[in-house]
1. Just the residues that are more than 19 Å from the chain's Cα centre (by Cα), assigned to a helix (DSSP H, G or I) and surrounded by 16 or more Cβ atoms within 10 Å (Cβ to Cβ), please, taken from segment 215-232.
2. Filter segment 189-222 down to residues that are without any contact (Cβ under 8 Å) to a residue 40 or more places away in the chain and of a type in the set (Phe, Trp, Tyr), then give me how many there are.
3. For segment 70-110, which residues satisfy the criterion of being within 27 Å of TYR34 (Cα to Cα) and small (Gly, Ala, Ser)?
4. If only one of VAL275, VAL287 is assigned to a helix (DSSP H, G or I), β-branched (Val, Ile, Thr) and surrounded by 20 or more Cβ atoms within 10 Å (Cβ to Cβ), which one is it?
5. Restricting attention to segment 90-99, does a residue exist that is modelled with pLDDT under 95, in contact with a Ser or Thr (Cβ under 6 Å, 6 or more places away or on another chain), farther than 25 Å from THR191 by Cα and buried (at least 20 other Cβ atoms within 10 Å of the Cβ)?
6. When segment 243-272 is examined, which residues are found to be more than 17 Å from SER63 (Cβ to Cβ), touching a Ser or Thr at 6+ places or on another chain (Cβ under 9 Å) and buried (at least 19 other Cβ atoms within 10 Å of the Cβ)?
7. Among (1) buried (at least 18 other Cβ atoms within 10 Å of the Cβ); (2) more than 20 Å from PRO283 (Cα to Cα); (3) under 17 Å from the mean Cα position of the chain (by Cα), which single condition is ILE150 missing?
8. All but one of (1) in contact (Cβ under 8 Å) with a residue 60 or more places away in the chain; (2) touching a Lys or Arg at 6+ places or on another chain (Cβ under 7 Å) hold for ILE167; which doesn't?
Amino acid sequence: MLAGDKSGAGRLAGLDVLRGIAASAVMIHHHAQYYDVLYPGRQVLPVNLEAGHFGVELFFIISGFVILMTIERKGTVRAFAAARATRLLPCFLAALVLATLILCVAPMPPLDTPTVRRFIANLTMAPLLLGERVVDLPYWTLTYEMVFYIAMGVLLALGRLRSVEWIALGWMAVGVAYPLLLDSASHYRVTIILMAYHSNFFVIGMCLYLIHVGRARAVTWLALAAAVAMSARGGGEQAFYASGVLYLSLTVAFATAVWAATTDLGRRMALPPLVFLGRISYPLYLVHVVIGYQVIRLGVDRGWSTTEGVVAAMAVSLAAAALLHYLIEVPGERWSRRTLAPQMATIR
């Protein structure tokens, strides 16, 4: 894994480390905190780990950075789409099938047995736009990622990537105004398409990428400032309605962390255990709830302490993520690239 240079080539090890930290934070939140919201009964831990769910916002910032870097390197919509598909689909499909099988054998409402319609909708990675629930809790973010990818593909097709900051400013403005003018609950899908409560995080990532490669303009800094300031209104439902002060503070901290990860400090952060955690962060994010919750429930039935259950759930989730990474994600990505290589060669 290479640290990035000013051309944007290669992977940035510091960002991989942040991915691992973000995935771990979300996992800890779900195992140690949110499980008790859904399934009360076990002894609650004395420490509040609810803040771990904000790892999602950190993921979105990293995604904004990486996707703009990727789409510039690929150059065409088809090449960009192929790159995303080879990166995401093999592991996601395996995780979706695994979650479906587990929930068919041992449903845990609201993680109940998926219907055929729900399973098919989840295959698109954007079930919320189809009016269907996600099969597993973390999948809700995939819909927002897909909306962002499509938006970036459209900009590439229209040749408007050079105006991305101006477009981002308009996008965020519409996203802020829409919930104020209309009942967002009644227009849920439009709210998702506009990413009314999350677009600013992707914009922060894109601006940080432009700064990293030395192409920042006055409008880049304006868009970055506006994106950070947008969080001062507080978080929406998925952010547990975080206060403006908390959300703004976290946004500044996350933006600073992503910027630092792209500097020499990021290379110094790239210790082998953290890099490994970053490598398995995607499958870990996908499987930690459906697997971890089953482990916790097993522990509750056997009288384990809450701490023992959480530790066991995390250990099993990490092991499952590592297996998915080495047995599915890596070979699946290689196979997909070989399969799509002839098509990609014709569109360069």
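1. Narrowing segment 215-232 to residues more than 19 Å from the chain's Cα centre (by Cα): 215-226, 229-230, 232.
Those left that are additionally assigned to a helix (DSSP H, G or I): 218-226, 229-230, 232.
Within segment 215-232, VAL219, THR220, ALA223, LEU224, ALA226, MET230 meet the criteria.
2. Result for segment 189-222: 1.
3. Once the filter is applied, which keeps residues that are within 27 Å of TYR34 (Cα to Cα) and small (Gly, Ala, Ser), segment 70-110 yields ALA94, ALA95, ALA99, ALA106.
4. Values: VAL275 fails: surrounded by 20 or more Cβ atoms within 10 Å (Cβ to Cβ).
After applying the criteria, what remains is VAL287.
5. No: zero hits.
6. Of everything in segment 243-272, just one residue is more than 17 Å from SER63 (Cβ to Cβ), touching a Ser or Thr at 6+ places or on another chain (Cβ under 9 Å) and buried (at least 19 other Cβ atoms within 10 Å of the Cβ), namely TYR247.
7. So the condition that ILE150 fails would be (1).
8. For ILE167, the exception is condition (1).
The values are calculated or read from the model by the stated rules, or taken from the named source; none is laboratory data. All figures in this text were calculated on a predicted structure; none of them were measured in a lab. Positions of Cβ are backbone-derived with ideal geometry, glycine not excepted, and every protein chain shown enters the neighbour counts.
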